[in-house]
1. Placing +1 at every Lys and Arg Cβ and -1 at every Asp and Glu Cβ, with all other atoms neutral, what dipole size does the stretch B:111-207 have around its Cα centre, in debye to the nearest 20?
2. Helix-only mean residue ellipticity at 222 nm, the protein assembly as shown, DSSP H runs n ≥ 4 weighted -39,500 (n - 2.57), per residue, nearest 500. What is it?
3. May I ask for the Rg/Rh ratio of the protein assembly as shown, computed from Cα atoms with Rh as the Kirkwood radius, given to two decimals?
4. Taking the 0 to 90 degree range and rounding to the nearest ten, how far is the long axis of helix B:22-38 tilted relative to the main principal axis of chain B, both from C-alpha atoms?
5. Filter A:Lys170/B:Lys286; B:Lys105/B:Lys170; B:Lys86/B:Lys204; A:Lys165/B:Lys286; A:Lys48/B:Lys105 down to the pairs with a C-alpha to C-alpha distance above 24 Å, please.
6. How many nm is it between the label spots at B:Thr157 and B:Gln203, if each spot is 7 Å from the Cα in line with the beta carbon?
7. Could you pull the accessible area for B:Asp65 with a 1.4 Å probe, rounded to 10 Å²?
8. Excluding ligands, DNA and RNA, what is the accessible area buried between chains A and B, summed over both sides, using a 1.4 Å probe, to the nearest 100 Å²?
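The values are calculated or read from the model by the stated rules, or taken from the named source; none is laboratory data. Values in this document were obtained by computation on a predicted structure and should not be read as measured data. Virtual Cβ from ideal backbone geometry, glycine too; neighbours counted across all protein chains shown. Side chains included, ligands, DNA and RNA excluded: accessible areas come from the protein's heavy atoms. Shrake-Rupley method; radii C 1.70, N 1.55, O 1.52, S 1.80 Å.
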Amino acid sequence: MKLPTLREVGTEARLLLIGIPVFLWTMIPIYHMFLFAISPKEDAFSGKLWPDHPTLHNFEIVFKQQHYFLRDFYVQFWNSVVIAAAVGALTLFIATAAAFSISRLKVPGGRVVLNLALFTYFIPAAFLAVPMYRTMGNYGLLNNHWSLILAMVTIASPYAIWVLKQASDKLPVELDEAAVMDGATTLQIFRLVYLPLMMPSLVAIGTYAVLLAWNEYLYAFLLLSNDREITLPVALGNFLAADDSPWELLMTTGFIYALPPAAVYYAFRRYMVGGLTAGAVKS
Amino acid sequence: MAITLSGDQAIPGPPLSSRLTPAQVWGIVLLAPYLLVFLAFVVYPVCYGLWLARAPANYVALYNDPIFARAAINTLIFLVIGINIKMLIALFLSGFFAVQRPWIKWLSVIFILPWAVPSIPTILSVRFMLNPEWGVINHLIFSFTGDDGPNWLNDPTVALSMAIAVHIWKSLPFWTLILITGRLAISHDLFEAAEVDGASWWQKFRYITWPSMQTLYVTCTLLSMIWTLGDFNSVYLLTGGGPADLTHVLATLGIRYLRLDQLSLAMASIVCAMPFVLPLVYFMMKRLSR
């Protein structure tokens, strides 16, 4: 074994000099949230970096819904799940159909639709929220889960179509041609040739849409208001309305709410990074 | 293949369905769901919103509202200062994360967290950290200096800086990831050749890395501008637009008017951003749809 040279030690030290601040910068807000979740109220408010008596009591309060703000915890959690799942499924359906149509069937006007989708992708989300809110009112969908589902599908689809179209274009045309020679109908090609080959991209897009819907705050906050219809993030926002907000419970609920997307992200990381960043910016 | 029957020419203009192949008919059917969504939730809302904002009186009202002017300036600060700081750090960190070390690989996995977890709990966590009485930051300041720390969210300049910091915290991982992809695409031979010639790290950056990444960097910066314009959470969840409505940006101002039931003002404030947004969108579409 050879000892590291002075130069190597110097390089490592410089790397650490960047790495440590990056680690702290990334983790402090998340650690702070976790710290609150495991602290009794007195410890949380005293600015300690580790509680004297770490406890899971806050989790117990949340899971047993033992606080005024948590009356509908399970209903709201379930709302988040249903809406995220619906947005994932609908986005996948709409975007896959559109990408297949544009890329494989070369439908007339496909290019135009793709550009329209890209245009939507570039409208800042908070800007579209204003007219969208009023439109949902006109459609009579306010306070109905469908308003949030459709709004999120509208926002997720353009990017989904874009990424899936890019991925479709990479599939060899010969596959479709061979299937046609064997007498396959368009739908059979879609189901038996196209979908299996697109699986990795579909997983990436499905995850993207689910996470987008799960993490959404603004649209949920505008479109839903009834306590039993709102999603968990809106409920978290409502905690703030009180003067003496139970911050330790807010952070505990927030921590519980942040776990699924983090888990989903890490489970599908391979697909996500490859599939999503490739489409985000073509260099 | 379309089959032409004899005598077809006699009928002027065959029906649409016979001019399309079955594949094309399926193409239209499969494209229809997205078109419906697009018409119902993009075209109609946007046209309706523009129609609501059409009266010049709205723009006079905005012009006379000091909160609007402040929000416009804040938005500019957010874009010019916030995005450039963020993208420069991302560019720098993409170099750091491209270094091959097991621990750096681990750090890169953790580094994604802010982007992967929802905004609301983490931004509220930062908000509590900045609480002047109970927050951990002022506790630490007090224990080290014996003085009370600043009231972070009470001074508009400080509060806006904190909102920018939160925005950077949240979106830095994404842009770093994209720029790492760009960096890894550069041929390694170039660096090896430069190494042989004894180039310094700055020369390597200046003559190899930057020229290959310049276009990507500019595209990312512009795309980031568009998305930052739509970033409601960083400001709303941290400051709520306060103190005294002095930290609003256009994204939160529009929603503020909306909550005050002034929909035409809300739309008008967004229309005011359009001369700025549309060239960006046009440029991005040209870049991407090449």
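1. Working: 5 positive and 8 negative charges, 61 e Å.
Roughly 300 debye for the stretch B:111-207.
2. On the way: 31 runs with 404 residues, N = 573.
Taken over the protein assembly as shown, the calculation gives -22500 deg cm²/dmol.
3. On the Cα set of the protein assembly as shown, Rg over Rh gives 1.00.
4. 40 degrees
5. A:Lys48/B:Lys105
6. 4.3 nm
7. The accessible area comes out at roughly 30 Å².
8. Using a 1.4 Å probe on protein heavy atoms, the buried area is about 8400 Å².
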